[in-house]
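Participant: For reference, the structure I am asking about is given below.
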Amino acid sequence: MTEHARCLYGDERRPTPECALEHREHCFVEELTFADADAILGMLRELCPHVVDGLLPVWVRNLSYRLVLLQRPDEPTLMREAAENLWLHGPDWDAIAADLTRRADALGGG
């Protein structure tokens, strides 16, 4: 999935690889939709390691975090990470980010 995203959206840290495959955004969205949390987090860590960087569109980041949190609903560290992403790319999602932070605080940890 990371390579698929890299081919579609690019990578700030290295050139977009030569690829003979015909990538389509709807195919990537299907792949993302059914990916496990580790694969999604791997893509985010690889292509957007510092939240403020990366070429993934904001909607891909938001969807990615949403899918990860659906699979791992009780992980405060992930909730805070998702909230940070939402605040950075808001303000439309500030209320959701605040709610994630409150939920993470209630769970404790991280």
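The values are calculated or read from the model by the stated rules, or taken from the named source; none is laboratory data. All values reported here derive from a predicted model rather than from experimental measurement. Please note: Cβ atoms are built from the backbone with ideal geometry, for glycine as well, and neighbour counts cover all protein chains shown. For accessibility, only protein heavy atoms count, side chains too; no ligands or nucleic acids. Shrake-Rupley method; radii C 1.70, N 1.55, O 1.52, S 1.80 Å.
Participant: Once label points are set 7 Å from the Cα along Cα→Cβ at both HIS26 and VAL58, what is their separation, rounded to one decimal in nm?
Facilitator: My value for the distance between the label points is 2.6 nm.
Participant: Just subtract the alpha-carbon distance of ARG66 and CYS19 from 0.36 nm times their residue separation and send over the number in nm, one decimal.
Facilitator: Difference between extended and current length: 14.0 nm.
Participant: What percentage of all Cα-Cα pairs in the chain are separated by more than 19 Å? Before the final figure, lay out the partial values.
Facilitator: Values: 2724 of 5995 pairs.
Considering the chain, 45 percent of its Cα-Cα pairs are separated by more than 19 Å.
Participant: I'd like the carbon and sulfur percentage of the solvent accessible area for the chain, probe radius 1.4 Å, heavy atoms only, ligands and nucleic acids excluded.
Facilitator: Solvent-exposed carbon and sulfur of the chain make up 54 percent of the total.
Participant: Also, I was wondering about something else. Rounded to the nearest 10 degrees, what's the angle between the helix 94-107 long axis and the longest principal axis of the chain, both from Cα atoms, 0 to 90?
Facilitator: Around 60 degrees separate the two axes.
Participant: Would you give the gap between the C-alpha center of the stretch 1-30 and the C-alpha center of the stretch 70-110, rounded to a whole Å?
Facilitator: 27
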